[in-house]
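Each remark here refers to the structure printed beneath this line.
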Amino acid sequence: MTSKKIPSSCDDALAMLRGEMTSLDTPPEVERALMAAFARQHAVPSWRSRLAGVLTWRVLAPGGGVMAALLAALVVLQPGAGPDAGAPPAMAATDAFIALQPVERIAQERAPRMVETEVPRIALAALGVAVTPQNADQTVRAEMLVAADGQPLALRLPTL
Amino acid sequence: MTLPDHDLLRALRAGDATAFQALYRRHQGPLFRYAVLRSGSRETAADTVQEVFIGLLNGSLKFDPLRGELRHFLFGVARKLILKQELARGLAPHSPPDDANADDDGEWQEAPCMAHEPLVRMLDNEAAEQVRQALAGLPPHYRDMVILYEMYDLSYGEIAAICQIELGTVRSRLSRARAALVARLQPMMRVA
């Protein structure tokens, strides 16, 4: 649509421009991109990364020898493998390993170590470990496979 | 109830997505329109708005509410971003340095600096589009004055803060900018 109305002064011309400009808005894709950026920035870390963040340990033994068996065990409890990837795994088999990283990442690790650690029980709640007011301040002994750079790869709770 | 900007900013920093969205929706329109008029390009304007809000989101922009309104702060950031692009593209060769308060007697003063897409039609209204193009033909430091004073009704003080120049410089640039714009609009107004 065009208009033939001609402004008679500079003020008229600017008023006309001001009126026409009010219909201009930022394209909607900008808002979508910004909200996606916001979501990425404020994403809640997964239970795996939250757990990995609280783990400290002492070295038990080089872990290379247990790698193959561990990877086989991981298939059972690897939480990212099933359709319900965000849910914590069941804790029925406490001698099995729970993956803290994707299986592919674990399989690629060339110099893993087995370490022993004490994990706050409350940090294990997301895995399905029972936490009560009575035991919330306790720790649980865990064995963990750690990458050469210190990244926790997998965890098991033999004494639970 | 409409929350003030600083409450929304606080909520945004605490991770409230609705606060970020409300802040964006409140300011995107005026900011986009400023950037369109300032840069002469919808694409540049959209990129600028996005960059400004990303800066708010990731904390790289530090807004101090004691130093003025958020809206003016956002205009100032957008202006800097556009200026940076213009300089990078060699599109503002006649502008004074960004922080200059020099009198408008420099050799750059009468040399119009074309926005990089001034002739790309943006408005349906033919007369309004001609006015926009006349404005786009002004040197950037004059364009700023006309846009902020005439289109946004900002005070000399607010414009001085946004453009980081002295009050007197705002006054003299605005006067020259209006004169330059009137000259550009004359052919159009003679038809009236």
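What follows draws every value from the coordinates through simple rules; no lab data is involved. Because the structure is a prediction, the values reported are computed rather than measured. Virtual Cβ from ideal backbone geometry, glycine too; neighbours counted across all protein chains shown.
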- Ordered by packing density, taken as the mean number of other Cβ atoms within 10 Å over each peptide's residues, highest first, how do B:19-27, A:120-128 rank? B:19-27, A:120-128
- Task: Rank these for me by crowding, B:ARG178, B:ARG121, going from fewest to most other beta carbons within 10 Å.
- Result: B:ARG121, B:ARG178
- Task: Could you line up B:ASP47, B:ASP144, A:ASP137 from fewest to most neighbouring Cβ atoms inside 10 Å?
- Result: A:ASP137, B:ASP47, B:ASP144
- Item | Cβ neighbours within 10 Å from other chains - mean over B:3-15 | 1
- Query: Peptide B:36-49: average number of partner chain Cβ atoms within 10 Å per residue?
  - Reply: 2
- Message: How shielded is B:120-127 by partner chains, expressed as the average number of their Cβ atoms within 10 Å of its Cβ atoms?
- Response: 5
- Message: Kirkwood hydrodynamic radius, computed over distinct alpha-carbon pairs, for region B:5-88: how many Å, to one decimal?
- Response: 13.0
- Item | Protection proxy ranking of B:30-42, A:141-153, B:60-72, A:27-39 - average other beta-carbon atoms within 10 Å, highest first | B:30-42, A:141-153, A:27-39, B:60-72
